[in-house]
Structure formats: structure tokens, C-alpha cells
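The values are calculated or read from the model by the stated rules, or taken from the named source; none is laboratory data. In this text, all values refer to a predicted model and were calculated from it rather than measured experimentally. Note that we place each Cβ from the backbone using ideal geometry, even for glycine, and neighbour counts take in every protein chain shown.
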Amino acid sequence: MTTKTSLLKVILLGDGGVGKSSIMNRYVTNKFDAHLFHTIGVEFLNKDLEVDSRQVTLQIWDTAGQERFRSLRTPFYRGSDCCLLTFSVDDHQSFLNLGNWKKEFIYYADVKEPEKFPFVVLGNKVDVTERQVSTEEARQWCQENGDYPYYETSAKDATNVAVAFEEAVRRVLAAEERTVHLIPTDTVKLHRKPRSAAACC
Amino acid sequence: MAELILPDSRRCHYFFLYDGSKVRGEDDPTRKGICYFYPEETPLDKQDLLCSQLAGVGRCVSELSSSQVSTLRLRRCKFAIRMKDDFFWALGCSVDTPTVSVCELLHQLINLFCFYNGPVRMSYELNSRETLAARWTCFLSHLLSAQSPLHYIFSCLRTMDLTNVDPLLLLKAALILQACQRCPLVLAGCIIFKGRVVSTQLSPELTMKVMVHEREMYNKAQRTNGTSAPGSFGCAVSSTGVFLTPPELQHLRSPPVNKDSSSHSSSQKDALPRRSRLSRTLSDTPSSEPEPSDPTSPHSSQKLSVHPHWSELDNSVFSPTPTQSAAGSTTCSPRAQRPSSSQRRNSHKAEEETLHKFYYQSFHDSTRGVSQIEGEESSTCEGNLHLNGGDGACETEFDFSGPSANVKTVSGDNEACCRSTKDHMTEVKHLTLPHPHTLESNEQSSLIAMTLYVHRVNSLVLALLVEPHFLNDTASIEEVYHSSLASLNGLEAHLHTISPAAPEPAGQYLFAHYDCIQNTLTTNVSGRAVGALEHPFVRATSLLHSHFCSTETLQEAIIRSAGTAVYGTRNVAQETFFQQLGGPPRNSGIPNHQDSAFSLPSKARHRLLKHGVNLL
């Protein structure tokens, strides 16, 4: 029924070179560029989509994976509605670092209830033949860390990219539903992101 | 306070464009020839009077001397003059304004007009006077709305305050521009944030021109949108036709390798015998030696032999055979259009000391000139005569990096001489601007149409100079748009979060550092309204800058009043000005080693290091 568009901020985190920028570009412009520069700091693109008959503007924030860009990217974690933890299936170290990325996000985004925050895990570059991370291994990590949905994607051949973002949106909307129930129904929703205003420590 | 701010708000007293071809007959009213007059509310009679007087004097003098007029002085007003075909431009500023700045302002204004409208004659045939008047007003207001009075003095670009910006973001901006260049139809571009340059691949002159469109679009958007809601990510792409001069275009199209080699000519220049430090004692050994940097001290012989720019200048101007000049231009014509500011300023010679004089130079007279400097000027005049004769083929005539041998001989053999006449009202200066004024005015007829592509993301703007058929090439447009959009969004977000620099603790010192190559200024004098504290510094800087421009051998100078002293130093690439505030000045009236002014150079060196200014 409702046609109101809401803006959802989704952030891509993960080691440098796992393909975060490529995933974003594939999803928004349906293009793949093998010669992208390293991302410096953060970048973002907007995409309008309809999920379960709700109009949503997805704002996808792509971040720099390299450690030296840390101070540039972390201020932009705040206000995220969903975090896409990304690794590359041909780079085991990037998989091992997922936990660190999650910690970094929770710390800088100032997430109030980390266990309820919607994370989605993406194993990118499934088009590559020499895998270092098996699907089972990845699924197990997701299971153990909070039952996160896991998608194996390829920005190069567009495998699962759209599906993953749609899932992210569903997660956010579902999380919102739960919050909305706590509020009287005919009020204006001003506090979609109350956590950013919450005091830390 | 009020009288301190007032002169800044009216930096330009008059500006007009007069078309002599409209006033031929005895009965033709002057106003028929007035294409544009600023301020527009000036009574018509006064407009008539000024236009006819200045145009008349200008024409008379140029005909008598067979060379162009560059500045005229009328009472308390200093006019920069440009004459081209039947057009006559005059821009009047207060006499306090350095002559270089006035001439540069007019130069920029005309260039700006031609950049967006094409050749003047053509644009007046295609458009109504009202339409073009609005454009002149727009360009003028853009040029006059400098960040600070200091920016106005140096006619420099508005840049981001880089002290607060992470260098990685500058790298990001540079990479965005490079990524756009992967499309072969994109020549080069720049990135601007809130009206200030973040990164540019264009020459300072071209960057300045490009920024005007950006600001106009922004103002327009502000007017129509009112206040845009924060957080809404409004993006807009627009484009407009622009006109480049052949050297500008050649420089943009030449592959980076050639650009390097052309900029190499500047390093070769640096490798030429450097000017000996005439005033070594001032900054190096603070001693009791009397003011060594006195600009009037006679160093004329040294001046001729050691000055790299003059030698080049004279050489190019005196090259008698077209073949020689043409050969030179093939190697370095890209540079010809963008001479370094110091070169540009060489041409404006000392003027302050000759106020209240009417003088002009003619090479038909055989008496030696008033001073060495004016002798130099007249030699430049002859060069221009030569240039004007070769109308149309002008770009081939300039060779700024040619060998600089025998300059002394050239000057010595020069039969051109000067004559000075006294008059109490007007001062006339001859064309001492061999370039780029003449150069570009001759090129107006051969301007090349290109396209300016502008992509705005809130306060951030990507401006690209592209081939005209870029706009018909949907694939290219999409490529450029999509390859830059995410990064622009991100860069905007980053720059947006940068908090303005914390104000400097007041009362320590004031400084201004001007980069002549990039045409940028670093200073801790902030704001448009200069307070009483900064006013002496701004005035002294203006005066010192003027002296530096007019006296090429001058490297360091101190200007002082009873209460304070301002130190200025310069080299080929930069000028730096410094004033220590507070502390009792020890000033006995005559120079002695206890004088606090002599500690200024070392103080400047130490204090400015943290601003990234290295005077060592």
C-alpha cells in the first residue's frame, strides 16, 4: 500500500581488493571494470528499488579496505542500516579478517545492540577457480557469529549481487518492523535511527 | 573600520567596452559606441565623457608612439587599457592598486569573456548588448569577489585551505580526474569544492575561467531551489560551449610527455645563471649593514646580465627574422600562453615613482631615457611594434625560452629611446605587455570551440574540458558519469566533514605566501573584511608586490612605518610577506643592528615553516 520511499544506508566492509567497489558498481550500473583504482576513503551510490512492494532508496557505501585509509573511512560507519561483510573466496586471509571488520564496524558505528544488527556476509570472486575458502567454512562462520545470511557473489559475472542487496534490504525492513511495533501506529517515524543519538560508554 | 572596508568593496571604479566602429561620423554620438559600462548606473553624460576622453587619449598616444597603451591615469583613477581592432577596453581602479593587478584584472576579464562567448566582434553580432552586458557584469563581479584583499592583489586562484585536508583526499581528487581522462574525448579538468579548487589539471588561468561557470550554475540553482534539504543528494550535469586559444588547446592535447618537456623549459630557465643575492645580508647575516635591499641601489649592469626573464623577453621580442621565432615556437609554444606570473609581471614596470608625470616613449627620439627601467620599456615597445605588424601569425612570434645570450648587447644597440614630458593630469604607459595580452588578442580570431562539462554533487563540482562531440556520444557521457559518480559522492562527503581551520591565535604574526607558478596564495589573513590590524600588512604587501614586479632584481625588502615593519622576499617561483605583531618595535629611525626589523627574516623563516613555507 504505502509508496513512501525510505533511504537505507548499506555499507560494504572487507579487506582491500576483495571487490567491494566492483560489487557496488555491478549492482548500481551493471558494469564491471577490472582496472579500478584503490578506493580512497569512502564512496557511495544510490539505487532505487522495490522490495516486497516497498519503495526503497538504497545508499550503498563502499569503503577503502587498506589499513592506511582507516581514519578516513571509520567516521562514515555511523547511521548504517546494514553492513555487508565482504571477503574474497580466493583469499583466505580476507576471510579470517571478517571478525575484525565486524568489530571495527560495531565500535565506530556505535551499534547499540550488536547481536540484533543486520549483517550480511558476501564471499566474492566465485568466478575464480582457485578457491581458498570453502562454502561450508564460510557458512559455519556465519552460523557461529549470529546466523548471518551468506551469499557467494561474483561482481565480474554478476552472480548473486542483486540477490544479496535485496536480502540486505529485507533484513533492514524486518528489523524496522520489530521496532515499529513498539511505537504507536499513527505517529510519524522520526527515530528510524535512534542508535546514532544514543550515548556511548 | 568603514573606510577600511570601503575601498575593497569598490575595487573597480569603472569598466567599459567601447566600439569605435560605431562612432565614425562627426554626428555619431559617443554612446552609440558604448557596448558596456560599469557601474551601469553611471549617468550617460559621464559615460560619454570617460569613454571619449580615454579612447581619444589612448588612440592619440598609440598613434604617436606606434605602440599600444597599457595604462592611463586620470586623477585618482588608474586605468588598464586594451585596444584591439576597433574595440577599446578600460578598467579603472584606485591609484593604490598595483598596476600589475589592474592590468591583470582587465586581462582576466577579457579572457573570461572570450572563453565563454568567443571573439568579441562575433559575440556582439550574435547577441544583444543587454545579454552581453549581463555577462560582463557577471564576469566582473566574479573577479571582484576575491576571497580577501590579498587574493585581489595577486589575482590568484581560490583554493581550499589545505592545512586541514587529508592529502589522501587530494590524491582521491586527482585520481577522479585521471579516471575521467580514460575517455579519449576528455581533455582535462578540475575539481572544485564550495567555489575553491581542490585539484586541477588545467593551467591557473584556465582553471579560473572554468570556475566562473561553476559558480553561475550554483547561484542559479540556489535561486531556483531555495534551500535544498540537507541529506538530499542532488546531482546535476550540465555543459556549455567555451572557446580556447590554440596554445591552450595544444597544451591540453599534448601527451603528458610533451607537457613535461615544455615545463622543462622552465627548469632550464632556473638553471640559467641565477640572480646573485643582492641582499644577502638582510636575511642571512643580520648585521649593522645599512638597508641592503634598497630598490634604488644601482645594479643596472647586473640587472641586465643576470636576469633570466628579461633576457628571454628581450630576445623573443627582438628576434628580427620570423624564421627564428617560428623555430622557437615549435618547441615551446604551449608555454607561450601561460608564462609564469613573474614573467607576466616583468612587463609592468615601475610606475609608482613616476606618478604625476606624463611621459611616453618613442623610438624616434634619440635622447636616452629617464631611467634604466624606462629604457628597457621602450625596447619592449619596439618588439611589440614588430609583433603587431605580424598580426594574425602572432603565436609563432613568441619564444620565451630561447637562448638568452647577448641581451646586454641588444639593449645597448637599441636605438629606442625615451622622452618624458610633464603633465599634471594624465600618465600614459606604453605597451609593456608583450604577452600574453597581445598574443591572445591576436588569437581571438582563431579561438577554438570546445565544451565544458560540469557535474555537480552538492558543493562539489567536477568540471571537464571535452571535445565538442562528447555531448553526442552517449557512451562516453555515461562512461565519464558512472566512473566518477561514486568517487565524487565520497569526496563530497569527506570534504563536507572537514571543519574549518581553527582561527590562528591572534596577535602573533601575519603572512602571505604567493606561489607564482600555481597562482595560489597561502595566508593567515582571513576574511573579506580586513580589520585595522591587518590593514597595514595588506597595504605593505601590495606595495612590495608591486616593487617585486617592477624591479626584477629585488629579492628582499622591508617596508616600515614608525610602529611596524613588513618583510618581503621572493624568488622565481614565490613571494612571501611577513609581519611580526606585538612586541615593542625598536626603531631608532636609522638602521642599526638592534633594530627589530632586522630580525624579521629569521623570524619569518621559523614561523612560516609550520605553514609549509620554506624560506631557507
- Do any residues in region A:9-25 that are within 14 Å of another protein chain (Cβ to nearest Cβ) and crowded, with 23+ Cβ neighbours inside 10 Å have Cβ atoms under 8 Å from those of residues that are assigned to a loop (DSSP other than H, G, I, E, B) and hydroxyl-bearing (Ser, Thr, Tyr), where the two are at least six apart or on different chains, and which pairs are they? A:Val10/A:Ser80; A:Ile11/A:Tyr77; A:Ile11/A:Ser80; A:Lys20/A:Thr39; A:Ser21/A:Thr39; A:Ile23/A:Thr153
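So, in region B:206-233, of the ones that are of a type in the set (Ser, Thr, Tyr) and surrounded by fewer than 16 Cβ atoms within 10 Å (Cβ to Cβ), which residue ends up modelled with the lowest pLDDT?
Taking region B:206-233 as the starting set, the residues that turn out to be of a type in the set (Ser, Thr, Tyr) are B:207, B:218, B:224, B:227-228, B:232.
Keeping just the survivors that are surrounded by fewer than 16 Cβ atoms within 10 Å (Cβ to Cβ) gives B:224, B:227-228, B:232.
On the way: B:Thr224: 67, B:Thr227: 44, B:Ser228: 42, B:Ser232: 37.
Across region B:206-233, the extreme among qualifying residues is B:Ser232.
If we keep just the residues of region B:573-595 that are surrounded by 15 or more Cβ atoms within 10 Å (Cβ to Cβ) and modelled with pLDDT under 85, which is nearest to B:Gln518 (Cα to Cα)?
Here is the first cut: in region B:573-595, the ones surrounded by 15 or more Cβ atoms within 10 Å (Cβ to Cβ) are B:573-580, B:585, B:587, B:591, B:595.
If we keep only those that are modelled with pLDDT under 85 as well, we get B:580, B:585, B:587, B:591, B:595.
On the way: B:Gln580: 27, B:Pro585: 35, B:Asn587: 37, B:Pro591: 36, B:Asp595: 35 Å.
Restricting to residues being surrounded by 15 or more Cβ atoms within 10 Å (Cβ to Cβ) and modelled with pLDDT under 85, the top hit is B:Gln580.
Confirm whether B:Phe87 is among the hydrophobic types (A, V, I, L, M, F, W, C) and either buried (at least 22 other Cβ atoms within 10 Å of the Cβ) or within 23 Å of B:His611 (Cα to Cα) (or both).
Working: among the hydrophobic types (A, V, I, L, M, F, W, C): yes; either buried (at least 22 other Cβ atoms within 10 Å of the Cβ) or within 23 Å of B:His611 (Cα to Cα) (or both): no.
So B:Phe87 does not fit the description; no.
Does B:Thr71 satisfy the criteria of being assigned to a loop (DSSP other than H, G, I, E, B) and closer than 28 Å to B:Ser550 by Cβ?
In short, no.
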- Item | Residues located in region B:234-271, provided they are at pLDDT below 50 and assigned to a loop (DSSP other than H, G, I, E, B) | B:Gly234
- Task: List every residue pair whose Cβ atoms lie under 7 Å apart, where the two residues are 6 or more positions apart in sequence or sit on different chains, the first residue falls within region B:150-169 and is within 14 Å of chain A (Cβ to nearest Cβ) and on the phi < 0 side of the Ramachandran plot, and the second residue, located anywhere, is assigned to a helix (DSSP H, G or I) and not aliphatic (A, V, I, L, M).
- Result: B:Leu168/A:Phe69; B:Leu169/B:His494
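When residues of region A:37-79 are filtered for being of a type in the set (Ser, Thr, Tyr) and more than 15 Å from B:Gly490 (Cα to Cα), how many remain? Give the steps one after another, and end with the answer.
First, the residues of region A:37-79 that are of a type in the set (Ser, Thr, Tyr): A:39, A:53, A:57, A:63, A:71, A:74, A:77.
Okay, now just the ones that are also more than 15 Å from B:Gly490 (Cα to Cα), so A:53, A:57.
Going through region A:37-79 one residue at a time, the tally reaches 2.
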- Mind telling me which of the residues A:Ser80, A:Ser94, A:Ser21, A:Ser71 ends up being in a helix (DSSP H, G or I) and under 13 Å from the mean Cα position of the chain (by Cα)? A:Ser21
- Message: Quick check on this structure: which one of A:Val51, A:Val42 is touching a residue at least 60 places away in the same chain (Cβ under 8 Å), within 19 Å of the chain's Cα centre (by Cα) and buried (at least 17 other Cβ atoms within 10 Å of the Cβ)?
- Response: A:Val51
- Task: Collect the residues in region A:77-94 that are surrounded by fewer than 22 Cβ atoms within 10 Å (Cβ to Cβ) and within 14 Å of chain B (Cβ to nearest Cβ), keeping them in residue-number order.
- Result: A:Arg78, A:Gly79
- Scanning region B:457-491 residue by residue, those at pLDDT 90 or above and part of a strand (DSSP E or B) turn out to be B:Leu460, B:Val461, B:Leu462, B:Ala463, B:Leu464, B:Leu465, B:Val466
- Note on the structure: Picking from B:Arg182, B:Arg129, B:Arg135, the residue that is of a type in the set (Lys, Arg) and in contact with a His (Cβ under 9 Å, 6 or more places away or on another chain) would be B:Arg182
- Could you check, for region A:29-47, whether at least one of its residues is more than 20 Å from A:Arg170 (Cα to Cα), among the polar types (S, T, N, Q) and out of contact with any Leu (no Cβ under 8 Å at 6 or more places or on another chain)? yes
- Query: Quick one: how many residues across region A:30-46 are touching a Ser or Thr at 6+ places or on another chain (Cβ under 9 Å), under 18 Å from A:Leu122 (Cβ atoms) and either at the interface with chain B (Cβ under 9 Å from one of its Cβ atoms) or assigned to a strand (DSSP E or B) (or both)?
  - Reply: 5
- Note on the structure: Only unsatisfied item for A:Leu49, checking (1) in a loop (DSSP other than H, G, I, E, B); (2) away from chain B (no Cβ under 13 Å), is (1)
- Looking at (1) in a helix (DSSP H, G or I); (2) touching a residue at least 12 places away in the same chain (Cβ under 8 Å), can you tell me which one B:Ala80 breaks? (1)
- Item | Selection count, region B:456-475, where residues are more than 14 Å from chain A (Cβ to nearest Cβ) and under 23 Å from B:Glu248 (Cα atoms) | 10
